[in-house]
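The values are calculated or read from the model by the stated rules, or taken from the named source; none is laboratory data. Keep in mind that what you see is a predicted model, and the values were worked out from it rather than measured. FYI the Cβ positions are ideal-geometry reconstructions off the backbone, even for glycines, and counts take in every protein chain you see. With ligands, DNA and RNA removed, areas are computed over all heavy atoms of the protein, side chains included. Shrake-Rupley method; radii C 1.70, N 1.55, O 1.52, S 1.80 Å.
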Amino acid sequence: MADSHGKHVKHGLVEDEGPLARTALRFTAFTEKWLPDAFGFVLVGTFVVLVFGLVTGEPLLKRPDNPAATKGYGLIDAWGLGFWSLITFTLQMAMIIIGGYAVATSGPVARLITRLARIPKSPRTAVAFVAAVAMLASYLNWAFSLIFAAILAREVARNVPKADYRALGAMAFLGLGTVWAQGLSGSAALQVASASSSPAPVQEVIRAGGHASGLIPLSDTIFTWQAIVATLFVYCVGVGMAWFVAPGEDNSRTAEHLGIELKPLIGRGSAYNGQRDNGEARRPGDWLEHSPLFSLLVVALGAVYLVRYFEGKSFFNALDLNTVNLILFLLAMLLHWRPWRMARAVRDGAPAAAGVLLQFPLYGGIFGMIAYTGVSARLAGWLVQASNQFFFPPLVAIYSCILGVFVPSGGSKWVIEAPYVLQAANELKVDAGWMVVVYDLGEASANLLQPFWMLPTLAILGLKARDIMGYTFTMFLACFPAALIAVTLLAPHVTG
């Protein structure tokens, strides 16, 4: 029989594909039919956590005797308490999306993306190439990679028009499901290395484990040779899987098939060249919009502040979301050069943040039902009872992945888990720095199973979560086991 695009299929699978590509196509066909959009996912997830809390003994309505307490709430009160708990983080994420978009669509970066997009020549190499670049970019900075890789995927699809657009979209997101937390912007590693970011209870547990300062430097977490080897292993597995899951030229669902118009990134017809700078300034206001003078003054102002901010501090320990946002903002101002170009880039990038603004409060409610009740501690208790020194690292990775599906925020989730995970590590004589690495690898894998972090990428690509989650799930089936193998085999070589 033939499908709607005239391709020969057998039992729902394309006949002339390899087993991994057929698996990805089968999962994608399932998710396209049955999976709701990202907003539907968080709506369902809210009640999954609510029912789980009820089944495990949490009350629906209860308030603690001490109103200032953050534990002991009923599930409904915990949901309400958590609903706006991510409001600062929501604005930070919206700004990081818009700032990353503004940087990625500036002239110099757009030209870089255009050059990179010309490298792959076939549909399969295009998918593997986007996966490799996306993971590398996420290792450097996860927020920028979401935008950079998405725009790269669009441009690659324009240059290799027969590449499967859904697979390209999934690979553009792959870094957030694999190596980002092991990189230079990994939340947990940066938190435990900084006294200002790591809560006092976490520092006490770390101190009890043998780190007198109550902190764990990056040299004991993401920069250990074991962590680097584990990251490289997952990276290689990810690139290899991307090659094998990509449909061949004859079986791809292209951007054209999906009704998505791909305008060039630069040059004639570009989506980002809607206005020309002809140098004319008929009014003082026109002159101000076209002159780079005040843009450069703002950049200089910010540069002086950043120099003073980082003075005497470790760069990576001092780096937080606010600082990253400021750097992106200043860099975008500099790269766009003229104020009207910067204003246009922000206006064009704002729709990519719409999903974050809508869904993050609901994820905050899920966070509240886990963090402000006994659900999280109960899960951890089950984990510790079922583990020993050898199995503890992979079990933590599995637990972190499962919880990450419902609380998809590496930094916030680490604050919940760190006290009892590190306390259990102390009791089982497992190195605390290695547990941060294990947590990061497990937590990142959860992003391949739910659409929380996919929203900016999907908005730029013009796709829905169900379009790419068949591919991300297939990647999860390889990348997560690779992470488990790495943390298990390398653990004996870690010294506390």
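Values computed for the structure shown
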{"item": "Whole-number percent relative contact order across the chain, with pairs defined as alpha carbons under 8 Å at least 6 apart", "result": "28"}
{"item": "Relative contact order (%) - segment 113-194, alpha-carbon pairs under 8 angstrom, separation at least six", "result": "38"}
{"item": "Å² per residue, accessible surface of the chain at 1.4 Å", "result": "43"}
{"item": "Helix-only CD estimate at 222 nm, as mean residue ellipticity for the chain, using -39500 (n - 2.57) per DSSP H run (n ≥ 4)", "result": "-20500 deg cm²/dmol"}
{"item": "15 Å beta-carbon shell around P161, net charge (K/R +1, D/E -1)", "result": "+3"}
{"item": "Of all accessible heavy-atom area on the chain, the percent that carbon and sulfur account for (1.4 Å)", "result": "65"}
{"item": "Convex hull of segment 297-369 built on C-alpha atoms - directionally averaged projected area, nm²", "result": "6.7"}
{"item": "Area accessible to solvent at L265, 1.4 Å probe radius, in Å²", "result": "10"}
{"item": "Accessible surface ranking that places the most exposed of I119, I98 first, with a 1.4 angstrom probe", "result": "I119, I98"}
{"item": "Answer label for Cα extents along the principal axes in Å (calculated), chosen among [x] 68, 55, 39; [y] 92, 54, 45; [z] 66, 66, 47", "result": "[z]"}
{"item": "Shape category assigned to segment 82-127 from the gyration tensor of Cα positions, a/c cut at 1.5", "result": "oblate"}
{"item": "V55 accessible area, assembled protein chains, probe 1.4 Å, Å²", "result": "120"}
{"item": "Virtual spin-label span in nm between L358 and R118, 7 Å along Cα→Cβ", "result": "3.8"}
{"item": "Solvent exposure ordering (accessible area, 1.4 Å, most first) of W337, W79", "result": "W337, W79"}
{"item": "Distance violations [Cα-Cα > 29 Å] among K62/K464; K263/K413; K263/K464; K162/K413", "result": "K62/K464; K263/K413; K162/K413"}
{"item": "Inter-part distance where segment 427-455 and segment 161-213 are each reduced to a Cα centre, Å", "result": "7"}
